[in-house]
1. Using a basic spin-label model with each label point 7 Å from the Cα along Cα→Cβ, how many nm lie between Ala168 and Arg33?
2. Which cross-chain or sequence-distant (5 or more) residues have an amide H under 5 Å from the amide H of Phe229, H modelled 1.01 Å from N in plane?
3. Where does each of 149-156, 43-50 land if you order them by average Cβ count within 10 Å, highest first?
4. How large is ³J(HN,Hα), in whole Hz, for each residue of segment 134-144 in order, when computed from phi with the Karplus curve 6.51 cos²θ - 1.76 cosθ + 1.60 and θ = phi - 60°, using x for Gly and Pro?
5. Amide H of Ser152 versus every other amide H placed in the peptide plane: which residues, excluding those fewer than 5 positions away on the same chain, fall under 5 Å?
6. Return the distance in nm (one decimal) between the two label points of a simple spin-label model at Arg110 and Leu216, each offset 7 Å from Cα along Cα→Cβ.
7. Starting from a Cα-only point model with no solvent, please compute log10 I(q)/I(0) by Debye for the chain at q = 0.09, 0.11, 0.13, 0.17 1/Å.
8. Can you find, among Gln192, Ala73, Thr133, the residue sitting farthest towards the positive end of the charge dipole of the chain, where Lys and Arg contribute +1 and Asp and Glu -1 at Cβ?
Amino acid sequence: MEIDRAGLAGFLRRRRESLQPEDVGLPRGQRRRTSGLRREEVAALSHMSTDYYSRLERERGPQPSEQMIASIAQGLHLSLAERDHLFRLAGHTPPTRGVASEHISPGLQRIFDRLQDTPAEIVTELGESLRQTPLGVALTGDLTSYRGPARSIGYRWFTDPAARELYAPEDHEFLSRLWVSGLREVATLRGQGSRAAEYVELLLAQSEEFRSVWELHEVGVRPRDVKHFVHPELGTLELACQTLLDPAQSHSLLVYTAVPGSESAEKLELLSVIGAQSLR
């Protein structure tokens, strides 16, 4: 497939101009003259330079890679149909749809964009973090930086001791059962050849604890109402976890809150200060 530079530029401009700052979780500001988003705002949302994005709208520059197009599709909050169209305009075959897709739906992304003052993350059915709010990163660290099987919290739980430092020791045994139960259900649902089945084979070969829990054949183990996180500076935080499921993409939005007036609520306020200082 060849890149359609004029079509690509026109589509990007139209989608950018149709979005307002509040649609993507950005402040409007008092002196805004642009009808939609600015180019630099789309570039920031897409994790690329303003110059690179601007050249695409001007029908210039090299053919963008599939990774770049995927980032732009997410930054512009495109639907799956729009994402696929964008890939074809850029001269690429669209990614496969379904449970393996990591494209976050516009609706779920809009909700996520409005939670920037709350610990929250979007995860796949295998516990792979796709997005985290700034306060979510301050709570657990950047979980989106992992690559390969280590992207899954369930995989890290049995192969990386550091993964357990985020959770209270008294919860470790239950969490082991929770991760194994969830992986068993997903692997059975998706079948042989799935990424879930691959993780099972890797963990059976690498972790004695995983093998012993796997032999229990447990299913249906569900998260408890309250999670006990252990922060290196603030200690233990007791947080409730609310989950919003996007069944079409098999993605979940996890939002962590503390009881108002509790010690954990006070720690969350401190965490917002620590997180802001870390970003600076």
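1. Simple spin-label model gives 5.6 nm for this pair.
2. Leu237, Leu239
3. 149-156, 43-50
4. Result, rounded to whole Hz: x, 6, x, 5, 5, 7, 10, x, 7, 8, 8.
5. For Ser152, no residues qualify.
6. Computed distance between label sites Arg110 and Leu216 equals 4.2 nm.
7. -0.50, -0.74, -0.98, -1.37
8. Ala73
We did not get these values from a lab; they are worked out from the coordinates using the rules stated. Since the structure is predicted, the reported quantities are computational estimates derived from the model, not experimental observations. Cβ sites come from the backbone with ideal geometry, for glycine too, and all protein chains shown count toward neighbours.
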